[in-house]
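Undergrad: There's a structure below that I have some questions on.
Nothing in this text is a laboratory measurement; each read-out follows from the coordinates by a stated rule. All figures in this text were calculated on a predicted structure; none of them were measured in a lab. Note that each Cβ is placed from the backbone with ideal geometry, even for glycine, and that neighbours are counted across all protein chains shown.
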């Protein structure tokens, strides 16, 4: 059958594009179907007000895997490659982070921070090795390559040396709050690191597991943070370009309604408009819940697997707030050139923990935490001349608000968020000409991510490595013949890293399915 | 607000008043919270009623779930290993259901009550599993265990008794058929099913008519040798019929703690219930793998020399008894076959039909224990399988 | 002057167990206790008339039956009786009972949800699978994963084979179980809030974490892995109160020829030339020994009872950072009669068991939020028992003793010490909560001892009053307990050992650390191993 594709990739998120491009590069006939009009999924630049554009969900690059860039010969331009971070203090005595250096804190903290970074980067490097491998299956009849990978993981940990290995095994399950309190005196320092550990999760700094989430963030560019020129779409466009170059077909505005199953195997897809495409394999870049519960449907997979997918924890807590500004807001104590940096509002670890408390009960934080940047400061393409865009991640904003999301609750929260930022940027409110708040519920609706969770599932140890998305299905192949998962819901997880897409492509090609 | 304390101890089935009148042994045990009689007058006589006239067994504690909704068939078809689309309304299917690893959770009967409406009936409780399996499906599952009671009427005169009760057309009911019948001013459901391997019926009805049914049945049955029977007699009959029982011959997989203690349908000799033509059902992938790679265990029906039941015996491949290959799970002397029979589980590749195995039997005579090694032959067919079981219409006795 | 073969510091249940094994092996052992009574936190105290309070630990399940049997504790007077129920009182006037008869238990759960009642079986089986996994390691020394010594490799291989032996899906389940929160774990089985609340309590008792914190599923296991006569997960009372455990152990110890001294607080563990020399008592008296075994928690041992200069800085810092958090308080109450709980039917067997007054997951978690803010829970999780319902020896006939374990209660109030007034308020909070469900309760109170972590630390010597001698989080379990590299009961100084609950497998009246430490000491002394092995397959 000539019109049968080797593989259909559902969703042109960055992982879907990486996977499609690699499959096409290997000579496979690949079709990518994207529901939205733009490629990129949650890695897109969108206009939210006349003349103002912003990276709609993910806004900074942390962990784009160098292997992906290399494999696909990507050329991604960035306006800044090593952004600094400024932890804001209401009194203007900010703490500044630049790589492994921190200023605005006591000497002891400076030394401790270097040591902390050194250790974290070391562990992140180890983690990075894991990220680019397919998690081995744990089974008595595991294949040789599973056993080999497992042995390698063990060996990699041993190679850290006795002391570091002990520290790794201790820290990996620990919480960030204890680590920052053990090490640092400065509240701002403690707060900023705590924030980095809990961003995008349903965890507070006191929750065990938050060291892991912090390490995960570091496990790409060695801790560097960068901002792509033109926003995240440029990454997506670069990937789409590579995919097309390699021969893949990408079609937008094609929302997949269901995965077609014939004789117990995935055999193609059907779109909302009723168009059907057949293929030998279906590769889903959608999150695991949408993939299994909606596209595949429970009836086509088995009970325990369904139950596990059903119980995946993926309720988002991070909202995006976009502001169109008629000029840069004043931030006392910050120099003009520093507006290129990343700002965080997390005055101390306890503040972050309290912000989390609300989320546990379906409330928005009374005092939210923020990661803020002004992408237009360096990248003039994003706003009219002289005007600016603020892009902020605000936490904690539960997917399921107890009182329900409505225009009223949404604008109340937006007001609170702006007021909170105004404590650090007194003239902020006066500068706003337009705004957009995307709660996790909005993100679910607009980007088709279940729960609006940008990692496609909490990044906790029980949903990590061997058990991501669920045990027995961590090797990208789902327990339905012909179906693969290539998105952030698969190992290693979210962030614009491309690792899941790349690993999935490798597994698909390795499986040597015959056409 | 006053909260009624849940009943303590064992519950009484709606038939209890009549059973209590008959009971001379005072031997009751627990069956899913109900008091269930071991026997009433004499377990040997009760056993022979099943093979010679008719025995009545109280089925009330069986769990019963009503499954309805647009996805009912899709749901049941994913749940069990056999193809339920072949089971038409008015038919009953014996089925097993497995977890994702292809390990048996339980066996039971599924009644196709009417188009798209099913009742699943089993020994163990499964609401949690049934609801878990309902995630993402449009079905409603209602536990009717407490609302529906039941009697098994088993034995060669069972059809005659039902006829004498005035159940019109019962003789046309084929094995594994079910239908509703008028009974006094109500309706009862009768299925031609049972756990004895003989001609027999199971009668289901709502609790409030329980005693009326009992009285009518015993009145009509007086001249046909009807007798109430307890679990001891039933146990003997079901072993002769080669039926397996949960917690005896296999463990429900979802509550098995130790690795390797659960069993697949293949390992229980239920290959005929697994239909790979269905594209998806719970355990399909694992069972397909097992089919390719072979099973670890094999359930065997054993015909053992001598007359001493091989309770809890080890099974050996040679008479020397060096290396055990399995163990007996159910054993009995069969009075009707005059045979020493047992069900057991052995490691593959043992267990082929005709294979000679050896069982180590411990038996006691006047307080002293002796042991012996007895030859045991693996047999294919149920030990007791009379033609009258299948005859439609059934004979009068 | 006499030199003992070994001095064990602290006559708690672990110190006594350790001392008993060393004495049984033929060593000349002295066990020192700072108080004028033995037991540490395993005591029965006579603080009011004829009442005997289990005023720290109050129920028993974890005590290893292997040790019980091996040290002949029955003959030394110890009797454990399982208790017969459990209940959660609900705000709407209802209650959730927990009955020992599984059918009645099923019926009770069915009142709330039939699916939950059925799911309890699967929950029990899955939890039991984890119990069986961990139980195998209770009487084993954790391997050092960084070591290449044959002993460690052998133990690592054992760990690996136990893990692999579980089967594929069970391995994944195990990884998840050890890392997830108790709330998430329960969510996978149950739908009813009060059922989840009832079961989640075991995930936070003695722990400075909330039910939603990752890692609390393991804490649940820590409360399930014990047994009474092979009935895994069952809890019971020691007849005569928990002091009977210590009494039996000390009796065994002395029967093996050991010497016990009370009123002998250790000021310092004396080190000379990098080796222990003995101990100096608070009285100034010095006693020499070849070996010193500390049954105190690691913070107390190294930060309070040793000279900093005898320890290397890194070790010292690690001990300093060891997490022992005060999170629990205790009320011990003498009652003039048995309080009535109108929600319960008359004569309900549920009074013979643990009673709780929090009926929702949200209330459970909010109790933790108060602790994080540096204060006691205003709506606390109370684990209340009245052992005298079945034990006639702890109070005069017709009178009762009530023990209320309270979660959460911080070691300090907003970073400063407790005042007496606050302590009373704390006690009142608990009493009021119970009185909501028992109108005659307050009038029956004859005497009430309120203990915050401060009182528990001062008396029993537990740092911050932490019942486990250290948090049971992943970073402090198995080979990480108490600190990486020191998980095999050996201290950083020659001849110094640790046998308290800061060590694997952790706290609870288990006696396993004491026994395991003895095994390592005997190994170093090249003496035959006389400690018991696991009963296995149970």
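Undergrad: Testing the spin-label approximation: label points 7 Å from Cα along Cα→Cβ at residue A:249 and residue B:327. State their distance in nm.
TA: In this crude label model, residue A:249 to residue B:327 measures out at 6.2 nm.
Undergrad: So between residue B:246 and residue B:303, what do we pick up on full extension, going 0.36 nm a residue minus the alpha carbon distance?
TA: In short, 18.3 nm is gained.
Undergrad: Just want to confirm a number: the relative contact order over chain A, from Cα pairs under 8 angstrom separated by 6+ residues, in percent. Walk me through the numbers before you get to the answer.
TA: Numbers: 1179 pairs, mean separation 126.9, N = 515.
After rounding, I find 25 percent.
Undergrad: Using a basic spin-label model with each label point 7 Å from the Cα along Cα→Cβ, how many nm lie between residue C:2 and residue C:261?
TA: Between residue C:2 and residue C:261, the label points sit 0.9 nm apart.
Undergrad: May I pose another question? Label the protein assembly as shown by shape, choosing from rounded, prolate and oblate, from the square roots a ≥ b ≥ c of the eigenvalues of the Cα gyration tensor; if a/c is under 1.5 it is rounded, and otherwise prolate applies when a/b is larger than b/c, oblate when it is not.
TA: oblate
Undergrad: Using a Förster distance of 22 angstrom, determine the FRET efficiency expected from the C-beta separation of residue C:154 and residue C:69, and round it to 0.05.
TA: Rounded to the nearest 0.05, the efficiency is 0.25.
Undergrad: Which value results for Rg/Rh of segment A:442-500 when Rg is the Cα radius of gyration and Rh the Kirkwood radius based on the inverse mean 1/r?
TA: 0.98
Undergrad: Once you sort the root eigenvalues of the Cα gyration tensor of segment B:63-143 as a ≥ b ≥ c, which label holds: rounded (a/c under 1.5), prolate (a/b larger than b/c) or oblate (the other case)?
TA: It is rounded, given that a/c, with a ≥ b ≥ c, falls under 1.5.
Undergrad: Would you work out the Kirkwood radius for segment B:235-339? I mean one over the mean of 1/r across all pairs of different Cα atoms, in Å.
TA: Every distinct Cα pair counted, the radius reaches 15.8 Å.
Undergrad: Return the average number of partner chain Cβ atoms within 10 angstrom of each residue Cβ along peptide C:110-118. Before the final figure, lay out the partial values.
TA: Working: counts 6, 3, 0, 3, 10, 11, 3, 4, 12.
Per residue, the number of nearby Cβ atoms from other chains is 6 on average.
Undergrad: Over segment A:108-218, what per residue volume does the convex hull of the Cα atoms give, in whole Å³? Working shown, then result.
TA: Details: hull volume 12.3 nm³, N = 111.
About 111 Å³ per residue, rounded to a whole number.
Undergrad: Once you keep just the Cα pairs under 8 angstrom separated by 6 or more residues, what percentage relative contact order results for chain C? Please report the intermediate quantities before stating the final value.
TA: Values: 1207 pairs, mean separation 130.6, N = 538.
Across chain C, relative contact order equals 24 percent.
Undergrad: Which residues in segment B:294-319 have a backbone N closer than 16 Å to a point placed 7 Å from the Cα of residue B:375 along the Cα-to-Cβ line?
TA: Only B:302-308, B:316-319 pass the distance filter.
Undergrad: I'd like the distance separating the alpha-carbon centroids of segment A:405-475 and segment A:97-168, in whole Å.
TA: After rounding, the separation between the Cα centres reads 28 Å.
Undergrad: Right, another one. So how far apart, in nm, are the two label points at residue A:224 and residue B:320 if each is 7 Å from Cα heading toward Cβ?
TA: 7.3
Undergrad: Determine the principal axes of the Cα atoms in chain C, then give the extent along each, sorted from largest to smallest and rounded to whole angstroms.
TA: 67, 58, 47
Undergrad: In degrees, nearest 10, range 0 to 90: what is the angle between the Cα axis of helix A:14-25 and the longest Cα principal axis of chain A?
TA: Computed tilt is about 40 degrees.
Undergrad: Now, a different point. So, R0 is 60 Å and r is the distance between the beta-carbons of residue B:385 and residue C:446; what FRET efficiency does that work out to, to 0.05?
TA: 0.20
Undergrad: Between helix C:243-255 and chain C, what is the angle of the helix's C-alpha long axis to the longest principal axis, kept within 0 to 90° and rounded to the nearest 10?
TA: 30
Undergrad: Continuing with the same structure: I'd like the distance separating the alpha-carbon centroids of segment C:2-39 and segment C:129-154, in whole Å.
TA: First find each Cα centre; the distance between them is then 26 Å.
Undergrad: Taking the square root of 5 times each eigenvalue of the Cα gyration tensor, what semi-axes in Å does the equivalent ellipsoid of chain A have, largest first? Could you put the intermediate results ahead of the total?
TA: Working: eigenvalues 259, 146, 87 Å².
For chain A, the semi-axes come out at 36, 27, 21 Å.
Undergrad: Only residues of segment A:146-160 count here: report those whose backbone N is under 12 Å from the spot 7 Å along Cα→Cβ of residue C:164, or say none.
TA: A:147-148, A:150-151
Undergrad: At 0.36 nm per residue, and after removing the present C-alpha to C-alpha distance, how many nm does the segment from residue A:129 to residue A:278 gain when stretched out fully?
TA: Roughly 50.1 nm would be gained on extension.
Undergrad: Something else: Would you calculate, for chain C, the mean residue ellipticity at 222 nm contributed by helices, counting each DSSP H stretch of 4 or more residues as -39,500 (n - 2.57) and dividing by all residues, to the nearest 500? Before the final figure, lay out each step's value.
TA: Details: 16 runs with 177 residues, N = 538.
Mean residue ellipticity, 222 nm, calculated: -10000 deg cm²/dmol.
Undergrad: Mind jotting down a quarter of the surface of the convex hull over the alpha carbons of segment C:327-388, in square nanometres, one decimal?
TA: About 5.2 nm², averaged over all directions.
Undergrad: Just how far, in whole angstrom, is segment A:349-370 from segment B:8-42 if you go by their alpha carbon centroids?
TA: Cα centroid to Cα centroid, the span is 59 Å.
Undergrad: Report the equivalent ellipsoid semi-axes for segment C:26-160 in whole Å, largest first, defined as the square roots of five times the eigenvalues of the gyration tensor built from alpha carbon atoms.
TA: Numbers: eigenvalues 257, 176, 37 Å².
Here the semi-axes work out to 36, 30, 14 Å.
Undergrad: For segment C:278-404, what does the alpha-carbon gyration tensor say about shape, rounded, prolate or oblate, given a ≥ b ≥ c as the root eigenvalues, a/c under 1.5 as rounded, and a/b over b/c as prolate?
TA: Judged from the Cα gyration tensor, segment C:278-404 comes out oblate (a/c at least 1.5, b/c at or above a/b).
Undergrad: Now, a different point. Rounding to the nearest 10 and keeping the result within 0 to 90°, find how far the Cα-based axis of helix C:13-24 lies from the longest principal axis of chain C.
TA: Tilt of helix C:13-24: around 40 degrees.
Undergrad: Still on this model: Rounded to the nearest 0.05, what FRET efficiency is calculated for residue C:436 and residue A:366 with R0 set to 25 Å and r the Cβ-Cβ distance?
TA: Efficiency, from the Cβ-Cβ distance: 0.30.
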